[in-house]
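Student: Submitted below is the structure of interest, expressed as structure tokens.
The values are calculated or read from the model by the stated rules, or taken from the named source; none is laboratory data. Just so it is clear, the structure is predicted and the values come from calculations on it, not from any experiment. Because the Cβ atoms are built from the backbone with ideal geometry, glycine has one as well, and the counts that use them run over all protein chains shown. For accessibility, only protein heavy atoms count, side chains too; no ligands or nucleic acids. Shrake-Rupley method; radii C 1.70, N 1.55, O 1.52, S 1.80 Å.
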Amino acid sequence: MYFTITFNGIGNALAKRFCIHLHRHWCPRKHASPLDGSAIKRKPDLALVDVKRRGKQWAPEWKDIRTIGEVTTQSTFHLRLHNQILNKAYVAMNEQDDRLFFIFLSFFNHTSFQITLCDRASVIHSPPYNIYGDALYLLRILTGLMFAKEHVIGYDPTIR
């Protein structure tokens with residue numbers, strides 16, 4: 001919940017300060033139960049979804065997920081986290097035919113983060129970054145994910 005409040009606070013502050021439209025926000029609603037929309041049951045810790053007026057009972061489905069954030073207290077980017085990312089990328093891309101790639105933000109060791117990009121043929125991991133020492137990198141990543149047009153975060157605009 002801490003990450004959600006912090007990240008959404010950053011997005012809202014930037015939108016207000018620069019008078020720009022916030023396209024997406026972080027949603028923790030389904031962190032404890034699997035998302036609907038797939039027979040494969042997986043639950044993301046954080047889900048980046050489109051900003052839309054929805055009822056209080058709304059919960060994201062796999063078709064609504066733009067990016068996933070994974071949080072673990074483990075000291076490294078371990079094999080289990082890697083496999084969780086692969087499973088969730090598979091489910092998300094199965095439910096979203098217009099996705100070229102899917103981006104994950106992983107937080108581990110209480111102070112580290114890493115970016116993973118999955119397309120339909122491969123997986124690329126960034127080196128681990130320190131949340132405090134590399135805060136500007138994290139801010140740029142969050143800003144891009146929350147404000148960028150859809151094609152920048154992996155959608156193919158030619159697929160209808």
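Student: For a quick check: with amide H placed at 1.01 Å from N, whose amide H comes under 5 Å from T67's, ignoring anything fewer than 5 positions away on the same chain?
Tutor: Residues meeting the criterion, in which the H sits 1.01 Å from N, are L48.
Student: Could you name the aspartates and glutamates in cross-link range of K43, using Cα to Cα under 16 Å and dropping any fewer than eight places away on the same chain?
Tutor: Those aspartates and glutamates meeting the cut-off are E61, D64, E70, E95.
Student: Another one. Ignoring everything but the protein chains, give the 1.4 Å probe accessible area of D45 in square angstrom, nearest 10.
Tutor: Answer for D45: close to 40 Å² accessible.
Student: Please give the solvent-accessible surface of V71 in Å², to the nearest 10, using a probe radius of 1.4 Å with every protein chain present.
Tutor: Here the accessible area works out near 60 Å².
Student: Taking Rh as the Kirkwood radius computed over C-alpha pairs, what is the Stokes-Einstein D of segment 30-109 at 37 °C in a medium of viscosity 0.692 mPa s, expressed in µm² per second?
Tutor: 248 µm²/s
Student: I need the P(r) histogram for the chain: all alpha carbon pairs, bin width 10 Å from 0 out to the longest distance, whole percents.
Tutor: P(r) for the chain, in whole percents per bin: 10, 41, 39, 10, 0.
Student: Among T76, T143, T67, whose mean-square fluctuation peaks in a Gaussian network model of the chain (Cα, cutoff 10 Å)?
Tutor: T76
Student: Over segment 88-128, what relative contact order in percent results from Cα pairs under 8 Å that are six or more residues apart?
Tutor: Relative contact order here is 30 percent.
Student: Largest first, what is the accessible-area ranking of Y129, Y2 with a 1.4 Å probe?
Tutor: In descending accessible area the options line up as Y2, Y129.
Student: At 7 Å along Cα-to-Cβ for each site, give me the label-to-label distance between K41 and R160 in nm.
Tutor: Output for this residue pair reads 3.9 nm.
Student: Sticking with this one: Keeping every protein chain in place, order K41, K88 by accessible area at 1.4 Å, biggest value first, i.e. largest first.
Tutor: The ordering from most to least exposed comes out as K41, K88.
Student: Can you give me the solvent accessible area of H78 with a 1.4 Å probe, rounded to the nearest 10 Å²?
Tutor: 40 Å²
Student: Top mean-square fluctuation among G37, G133, G11, Gaussian network model of the chain, C-alpha springs under 10 Å?
Tutor: Highest fluctuation among the options: G133.
Student: Compute the distance in nm between two label points, each set 7 Å from the Cα along the Cα-to-Cβ direction, one at H21 and one at S126.
Tutor: With each label placed 7 Å out from Cα toward Cβ, I get 2.6 nm.
Student: While we're here: Excluding ligands, DNA and RNA, what is the solvent-accessible area per residue of the chain at a probe of 1.4 Å, expressed in Å²? Could you put the intermediate results ahead of the total?
Tutor: Details: 9070 Å² over 160 residues.
Per residue, the chain has 57 Å² of solvent-accessible surface.
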